[in-house]
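Asks: Pasting in a structure now, in structure tokens, and then I'll have a few things to ask.
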Amino acid sequence: MIAFLSDWGLSSYYVGVAKAAIKEVNRKAEIIDICHDIKPFSIKHGAYVVQRVIRDLPKDAVFLAVVDPGVGTSRKPIMMILKDGRRLVGPDNGLFTFVGEEYGIHEIRELENREYHRGSSRSFHGRDIFAPVAAYVDAGVEPEKLGSRLMNFEYLKYKKPVRDGNTIMGETAFYDHFGNLETNIPASLGKDLEEGDTLEIVKGRRSFKLTFGNTYYDVNPGNLMAHFDSAGFLEITVNKGSAQHFLSIEEGEPITLVKV
Amino acid sequence: MIAFLSDWGLSSYYVGVAKAAIKEVNRKAEIIDICHDIKPFSIKHGAYVVQRVIRDLPKDAVFLAVVDPGVGTSRKPIMMILKDGRRLVGPDNGLFTFVGEEYGIHEIRELENREYHRGSSRSFHGRDIFAPVAAYVDAGVEPEKLGSRLMNFEYLKYKKPVRDGNTIMGETAFYDHFGNLETNIPASLGKDLEEGDTLEIVKGRRSFKLTFGNTYYDVNPGNLMAHFDSAGFLEITVNKGSAQHFLSIEEGEPITLVKV
Amino acid sequence: MIAFLSDWGLSSYYVGVAKAAIKEVNRKAEIIDICHDIKPFSIKHGAYVVQRVIRDLPKDAVFLAVVDPGVGTSRKPIMMILKDGRRLVGPDNGLFTFVGEEYGIHEIRELENREYHRGSSRSFHGRDIFAPVAAYVDAGVEPEKLGSRLMNFEYLKYKKPVRDGNTIMGETAFYDHFGNLETNIPASLGKDLEEGDTLEIVKGRRSFKLTFGNTYYDVNPGNLMAHFDSAGFLEITVNKGSAQHFLSIEEGEPITLVKV
């Protein structure tokens, strides 16, 4: 099974032809679309989604993840094997920063062996390298056949989540389809938070009060709520509304919450 | 086969991980995406689409339908079996109102048995309850194993379609991708309508004249046409244009047409 | 394997029920979505995408392509077999103009035989004719069973790409998801172009200078670049930006580039 994520959108045909390239290698490959609406060129958005999704995939799934603004440059195409055995295929540009840190890295291979590529365009490695390699990996090709080991890889810079007394700091990861604000703050930093607690976000001269809850219904429609979401991170929502319309916080900005 | 509908959008990863949850239960499950762009939180929009789609699904398909603004509250997760044997899995919040009324209900089960759930988040029953249960049902698990029978379920309020002489009344269901206005008026209420007949919509002080036709080409480009669409309901279209831009009628509003 | 393209969008349920119609014919049919965001009613946009995609499909794939503003009129439903054996199913309205010209046509069949249709709506041949016929063709039904041979078919008018000294003329095909401008100018018209060459687009009183390159990184962020893309056509891009926002050229407009 191949889980497929990209920033190519579904309005172009790129996702379709990459799937065709997978099927050329192995007609029986099973492909699950995770998301193709990563913000164009936003490696960080992609990296955060990869981290949230991987825990929900079957362990033997191959995660084909392509957000690749540097396609055709010297950035390397890689396969990464995590310590728990999960496998990812994509560009070495920081896209695997958060999974690498959370799960630990067992091995990285540079995808040098052209036997497992489909051709050699310089602008569409998704179709020509990543998709066919993911298909071969899914079909059982051993990592050592793909290329030599890499001993280091690219990390993104980001604001690590920390807790200092009543203050919790982190980074806004992205907004989802409903306008919910996703942060990189894990549940482990808020174990003492209880339903009904009040949190405050300070943003320049303005501040917003949030109720900590468990379900969207814990606050009245239109009100701000914070909770640990289904992926284990602090999420800020507006019941039946959009936090994105409410808050003036950009994706990637630091965020500070104070328990009051 | 599992037909999958939601209001989660394809820009988030939620659809992808729900599919992964299905595949965890049964790697061979076949999934067909019906639509994931139901208007966020619009149970009624979802209910109308479920009704239009179900007649086109193979009879043994399991319809996984999740529009669930009340996730985490006391609303029940259910499987519904219609009198013709078709099966639906989703929240008991009115989403199955129209199929229940049209096809009749054979049996409803509350999804109590956690053996068939995946975990227990409070905010993502799509991944944790509905998707895995749909996979088990598709794989042949018997309804009585899922939970106890429910003797009633939630209905939505809506304007039932009626005919009174030359006046046909109903409700606007939704606009489709092309801006066509879909109503809940079934073909049985317009058996006497013939190609070339004129219909009039009265909307406040304004009224619009429509030609009743069979194909979009029966009127000139830019003109309004009404016909019974491929799902058997009255649809209002503009040839090579968008009825949504033309008419100032909201989704869910009552609509009255007069044969003139 | 069936590759599926349409202008129906994914926000409606039409793609889903067409897939259900395929599965009614052959539960094991494999379907790959190519793109459902062809501009509504734009046969030419569809035709250009069909041309770009077909080279990347397995040779035995059936290409189900439906952009069909004339559904229900006298336009014919067809299956086309190209000289290299590739098969396409869709409306005879010009959608196969470019593949027909590029690959040559072996045979066209009018889809007359209702045995292979699903029903007879007048507004949704996608579900009722094209999808089931594609499924039967994919399952091995012989062309002669579908209907009689057609000796001619519909062509679109368009600006054929030509080269005259340093001037290259053609047509803008469409913008992709990243705002890259795709033209119909094939690599064969620019064999002498070298990395670092300057091209000029003249557009009314304004002109734009472009660098000819190989990868998006060959110019600084925000600068215009031209290259032959992964499908073999001249593409105009802005590094980390959108050519669509930069240039005031519409889809379908002629385009002239001068090597300076």
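All of the numbers you see were taken from the coordinates with simple rules; none came from a lab. The model shown is predicted, which means the values in this text are computed figures rather than measured ones. Positions of Cβ are generated from backbone atoms using ideal geometry, with glycine treated the same way; all protein chains shown enter the neighbour counts.
Asks: I need the P(r) histogram for the stretch A:75-196: all alpha carbon pairs, bin width 5 Å from 0 out to the longest distance, whole percents.
Replies: Each 5 Å bin holds this share of Cα pairs: 2, 10, 17, 16, 15, 12, 10, 8, 5, 3, 1, 0.
Asks: I've got another one for you. Between the stretch C:55-130 and the stretch B:185-260, how far is it from one alpha carbon centroid to the other, in angstrom?
Replies: The stretch C:55-130 and the stretch B:185-260 have Cα centres spaced 30 Å from each other.
Asks: If contacts are Cα pairs under 8 angstrom and at least 6 residues apart, what is the relative contact order of chain B in percent?
Replies: Worked out over chain B, it gives 16 percent.
Asks: How high is the FRET efficiency between C:GLU195 and C:THR167 when r is their beta carbon distance and R₀ equals 22 Å, given to the nearest 0.05?
Replies: 0.60
Asks: If you take each beta carbon of peptide C:125-131 and count the beta carbons of other chains within 10 angstrom, what is the mean?
Replies: Rounded to a whole number, the mean comes out at 1.
Asks: Rounded to whole angstrom, how close does the nearest chain B beta-carbon get to the axis mapping B onto A, and which residue is it?
Replies: Of all Cβ atoms in B, the one closest to the rotation axis yields B:LEU10, 4.
Asks: Given charges of +1 on the Cβ of Lys and Arg and -1 on the Cβ of Asp and Glu, with all other atoms neutral, how large is the dipole of the protein assembly as shown about its Cα centre, in debye to the nearest 20?
Replies: The calculation lands at about 200 debye.
Asks: Going 7 Å from Cα along the Cα-Cβ axis for the label, what nanometre distances separate B:ALA187 from the same residue across the other copies?
Replies: So the label point of B:ALA187 gives 5.1, 5.1 nm to the other copies.
Asks: Hey, could you grab the Kirkwood Rh for chain C? Inverse mean 1/r over distinct alpha carbon pairs, Å, one decimal.
Replies: After inverting the pairwise mean of 1/r, the radius is 19.4 Å.
Asks: Return the percentage of antiparallel bridges among DSSP beta bridges fully within chain A, rounded to the nearest 5 %.
Replies: The antiparallel proportion sits near 75 percent.
Asks: Connecting C-alpha atoms closer than 10 Å in a GNM of chain B, tell me which of B:LYS39, B:LYS203, B:LYS76 has the biggest fluctuation.
Replies: Of B:LYS39, B:LYS203, B:LYS76, the most mobile in the Gaussian network model is B:LYS203.
Asks: Also, quick follow-up: May I ask which residue of B:GLY90, B:SER120, B:HIS106 lies farthest towards the positive end of the charge dipole of the stretch B:43-127, with charges of +1 (Lys, Arg) and -1 (Asp, Glu) on Cβ and the Cα centre as origin?
Replies: B:SER120
Asks: Which of B:TYR116, B:TYR14 comes first, and how do the rest follow, when ranked by fewest Cβ neighbours within 10 Å?
Replies: Result, fewest neighbours first: B:TYR116, B:TYR14.
Asks: Further question: For the stretch A:35-96, max minus min Cα coordinate along each principal axis, in Å, sorted largest first?
Replies: Extents along the principal axes, in whole Å: 31, 23, 14.
Asks: Also, quick follow-up: Would you please give the FRET efficiency between C:ARG114 and C:THR73, computed as 1/(1 + (r/R0)^6) with r the Cβ-Cβ distance and R0 = 25 Å, to the nearest 0.05?
Replies: 0.85
Asks: Here is a follow-up. For a quick size check, give me the Cα extents of the stretch C:167-221 along its three principal axes, largest first, whole Å.
Replies: Result, largest extent first: 27, 25, 25 Å.
Asks: Taking chain C as a Gaussian network, Cα atoms linked when under 10 Å apart, which of C:ILE32, C:ILE81, C:ILE22 shows the biggest mean-square fluctuation?
Replies: C:ILE32
Asks: Name the lysines eligible as straight-distance cross-link partners of A:LYS83: C-alpha to C-alpha under 21 Å, and not fewer than 8 places from it in the same chain.
Replies: A:LYS83 reaches A:LYS59, A:LYS145.
Asks: Is it possible to state the helix-based mean residue ellipticity at 222 nm for chain C, with each DSSP H run of 4+ residues giving -39500 (n - 2.57), the sum divided by total residues, to the nearest 500 deg cm²/dmol? What is it?
Replies: Result for chain C, helices only: -5000 deg cm²/dmol.
Asks: Under a crude label model (7 Å from the Cα following the beta-carbon direction), how far is B:LEU150 from C:ARG27 in nanometres?
Replies: 2.8 nm
Asks: Given the protein assembly as shown, what whole percent of its Cα pairs are spread farther than 49 Å?
Replies: So the portion of pairs separated by more than 49 Å is 18 percent.
Asks: Turning to a different aspect of this structure: If you put a point 7 Å past Cα along the Cβ direction, how far is that point for B:PRO254 from the same point in each other copy, in nm, smallest first?
Replies: 5.8, 5.8
Asks: Further question on the same structure: Testing the spin-label approximation: label points 7 Å from Cα along Cα→Cβ at A:LYS240 and A:ALA187. State their distance in nm.
Replies: Placing both labels 7 Å beyond Cα along the Cβ direction yields 2.8 nm.
Asks: Let me ask you something else. Rounded, prolate or oblate: pick one for the stretch A:129-260, where a ≥ b ≥ c are the square roots of the eigenvalues of its C-alpha gyration tensor, a/c under 1.5 means rounded, and failing that, prolate if a/b is larger than b/c, else oblate.
Replies: Prolate is the answer for the stretch A:129-260, as a/c is 1.5 or above and a/b outweighs b/c.
Asks: Right, another one. By DSSP, what percent of the beta bridges with both residues in the protein assembly as shown are antiparallel, rounded to the nearest 5?
Replies: 75 percent
Asks: By average Cβ neighbour count within 10 Å, what is the ranking of B:188-194, C:49-55 from highest down?
Replies: Sorting B:188-194, C:49-55 by mean packing, highest first, produces C:49-55, B:188-194.
Asks: Give me P(r) over the stretch B:15-139, computed from all C-alpha to C-alpha distances, binned every 5 Å, as integer percentages.
Replies: P(r) over the stretch B:15-139, rounded to whole percents: 2, 12, 23, 27, 22, 12, 2.
Asks: Run through the other copies and list how far each one's label point is from that of A:LYS145, in nm with one decimal, shortest first; the point sits 7 Å from Cα along Cα-Cβ.
Replies: The projected label point of A:LYS145 is separated from its counterparts by 3.8, 3.8 nm.
Asks: Moving to a separate point now. Determine the relative contact order of the stretch B:77-146: mean sequence separation of Cα pairs under 8 Å and six or more apart, normalised by residue count, in whole percent.
Replies: Reported relative contact order: 32 percent.
Asks: Restricting to bridges with both residues inside the stretch A:51-94, how much of the DSSP beta-bridge set is antiparallel, in percent to the nearest 5?
Replies: About 60 percent, rounded to the nearest 5.
Asks: Still on this model: Looking at chain B as a GNM with Cα springs under 10 Å, which of B:VAL67, B:VAL15, B:VAL202 has the largest mean-square fluctuation?
Replies: B:VAL202
Asks: log₁₀ I(q)/I(0) of the stretch B:1-79 at q = 0.14, 0.15, 0.18, 0.22 Å⁻¹, via Debye over equal Cα point scatterers, no solvent, to two decimals?
Replies: Listed by q, the Debye log ratios stand at -0.47, -0.54, -0.79, -1.16.
Asks: Now a separate question. With the convex hull built on the Cα atoms of the stretch B:190-260, state its orientation-averaged projected area in nm².
Replies: With the hull built on Cα positions only, its mean projection is 4.8 nm².
Asks: Continuing with this model, one more query. Just want the answer: with Cβ charges of +1 for Lys and Arg and -1 for Asp and Glu, which residue in C:PRO186, B:LEU146, C:ILE201 is farthest toward the dipole's positive end in the protein assembly as shown?
Replies: Of the listed residues, the answer is C:ILE201.
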